[in-house]
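First up is the structure itself, then whatever we jot down about it.
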Amino acid sequence: MYINFWYPIARVDKVTTERPLQAEIFGLPLVAFRDGQGAAHVLADTCAHRGGSLGRGRLEGDFIVCPYHGWQYAGDGRCMHVPSLADAKPPARAKVDSYPVEEKYGIVFAFLGDLPEAERPPIYDVEEYAQEGWKSELYTLELNCYYQRSVENGLDPIHNEFVHPMQGAPGMDAEAQSKPLPMTKIPWGNKFWMSFKETRDPNTDVSSQRGESQNSAGSWHQGPNQLVTWIHFQTAKFGEAVFHQYFFEQPVDESHTRIFFLNMRNWMLEDDKDERVRDVTLRVVGEDIGILEKLRPVRTPESNAKEVLLTGDAAVVSYRESLRDWDRRGWRIDSKTLREQQKGTAFAIPCPDRRKSGNWVLDSVPLMSFPG
Ligand code: FES
Ligand SMILES: [Fe+2]
């Protein structure tokens with residue numbers, strides 16, 4: 001996993017003024033809550049005093065209160081009150097990492113890293129979100145696999161024909177499969193977009209309006225954990241029908257991923273179609289999950305020589321090249337060292353404040369260094 005990107009933490013309605021919400025990213029504990037004004041905050045969930053879990057505590061006005069000895073922290077991560085010190089000021093070291101937060105698409109995102117604002121890779125911009133003529137649904141998916149495997153699956157157009165034959169998924173004929181994928185570089189990612197013909201009769205309610213037609217589709221990633229798939233097809237009844245799917249992926253740990261899946265469409269907008277769309281969409285997702293949870297190795301291999309990659313895997317290769325890019329920037333968490341030392345040391349992903357002030361109690365996560 002990489003620091004210095006935005007990660008989805010929870011649905012907005014799960015982050016409340018009532019009680020803290022614990023979350024885990026790459027095996028590191030985080031806590032989310034809202035202050036008295038309703039602003040969401042995401043902090044490292046390890047009290048600077050003696051390591052209590054703030055997420056097990058309570059909220060009091062603007063503060064989150066550690067359950068162990070009652071230290072009170074503000075949303076910016078600073079401890080504002082220590083009960084055992086009466087009215088004396090808490091020590092300067094009494095602070096925990098607080099991450100920049102944004103709420104978008106019904107999701108609370110946290111920027112997990114220390115880059116200053118102007119240098120941060122963005123949250124993907126879904127232009128059609130909440131626009132007239134569009135419908136969105138947000139699903140939360142739990143997968144027993146590493147998030148990079150799931151992103152790579154979305155960048156792989158050939159699997160559709162084999163994994164989703166019953167769902168009328170867009171297929172590519174053999175000739176199209178043998179040609180190199182038309183890759184383009186986009187900011188913080190790689191993209192392909194292509195035309196294709198239906199290769200079989202659609203077989204579900206959702207797609208039964210299609211027929212033989214010229215369609216187009218593509219996928220791209222932005223950063224390591226944001227994946228987009230657009231499918232555009234012509235229908236006799238609806239004209240151009242479009243699904244835009246956005247996957248915001250949370251690496252819970254090396255073998256668990258939580259995906260916040262925003263599914264947008266510009267047709268079948270009536271509420272009574274939601275269930276049908278959800279049903280088919282989640283059936284397709286379930287088929288992917290069945291494959292992903294059995295891939296070996298669990299994590300994406302370090303070297304492409306450990307697989308046999310063909311032209312149809314070009315988007316996967318491009319994704320891995322981007323990851324190498326972020327490796328060279330020193331943004332990759334050293335998972336081996338982290339796991340070896342985690343029992344004896346409390347770690348946190350560094351927040352932007354670490355570039356401005358020192359004296360932190362929690363150690364910053366170990367990062368890998370690669371030759372530039
Ligand atoms: S460990 Fe949190 S107040 Fe003591
Ligand atoms: Fe799939």
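Would you mind computing Rg(Cα) / (2.2 N^0.38 Å) for the chain, counting N as its residues?
Details: Rg = 22.5 Å, N = 372, 2.2 N^0.38 = 20.9 Å.
Scaled against compact globular proteins, the figure is 1.08.
Restricting attention to region 256-350, which GluC sites (Glu not before Pro) occupy a DSSP loop and are surrounded by at most 15 other Cβ atoms within 10 Å?
Details: sites: Glu270, Glu275, Glu287, Glu293, Glu302, Glu307, Glu321, Glu340; in loops: Glu270, Glu293, Glu302, Glu307.
Passing sites in region 256-350 are Glu270, Glu293, Glu302, Glu307.
Mind ordering 148-154, 79-85, 41-47 by average Cβ neighbours within 10 Å, highest first? Could you put the intermediate results ahead of the total?
On the way: 148-154: 22.0, 79-85: 14.9, 41-47: 26.3.
In descending order of packing, they fall as 41-47, 148-154, 79-85.
Pick out, in residue order, every one of the trypsin sites (Lys or Arg not before Pro) in region 74-117 that is DSSP loop and has at most 16 other C-beta atoms within 10 Å; say none if there are none. Write out the running numbers ahead of the final one.
Working: sites: Arg78, Arg93, Lys95, Lys104; in loops: Arg93.
The qualifying sites are Arg93.
Taking a probe of 1.4 Å, how large is the accessible area per residue of the chain, in Å²? Provide the component values of the computation, followed by the final result.
Values: 16960 Å² over 372 residues.
So the chain comes to 46 Å² accessible per residue, rounded to a whole number.
I'd like the trypsin sites (Lys or Arg not before Pro) in region 306-372 restricted to DSSP loop residues with at most 10 other Cβ atoms within 10 Å, sorted by number. Provide the component values of the computation, followed by the final result.
Values: sites: Lys306, Arg320, Arg324, Arg328, Arg329, Arg332, Lys336, Arg339, Lys343, Arg354, Arg355, Lys356; in loops: Arg329, Lys343, Lys356.
Passing sites in region 306-372 are Lys343, Lys356.
Tell me, which cysteines of the chain are without a disulfide-compatible partner by the Cβ under 4.7 Å rule?
Cys79, Cys145, Cys351 - these cysteines have no disulfide-compatible partner (Cβ-Cβ under 4.7 Å) in the chain.
Please state the charge dipole magnitude for the chain, taken about the Cα centre, from unit charges on C-beta atoms (+1 on K and R, -1 on D and E), reported in debye and rounded to the nearest 20.
Working: 43 positive and 53 negative charges, 259 e Å.
Charge dipole of the chain: 1240 debye, to the nearest 20.
Among the lysines, which have Cα under 30 Å from the Cα of Lys273 when same-chain residues fewer than 8 positions away are ignored?
Cross-link targets: Lys14, Lys104, Lys135, Lys197, Lys237.
How much of the accessible area of region 107-160, probe 1.4 Å, is carbon plus sulfur, in whole percent? Kindly include the intermediate steps, with their values, before the conclusion.
Working: 860 of 2100 Å².
So the carbon and sulfur contribution to the accessible surface is 41 percent.
Tell me what the chain gives for mean residue ellipticity at 222 nm when only DSSP H runs of n ≥ 4 count, each as -39,500 (n - 2.57), the sum divided by the residue total, rounded to 500 deg cm²/dmol.
Details: 6 runs with 59 residues, N = 372.
Rounded to the nearest 500, the figure is -4500 deg cm²/dmol.
The values are calculated or read from the model by the stated rules, or taken from the named source; none is laboratory data. Quick caveat: nothing in here was measured; it's all calculated off a predicted structure. Cβ: placed from backbone, ideal geometry, glycine included. Neighbour counts: every protein chain shown. Note: accessible area is taken over every heavy atom of the protein model, side chains too, but ligands, DNA and RNA are not part of it. Shrake-Rupley method; radii C 1.70, N 1.55, O 1.52, S 1.80 Å.
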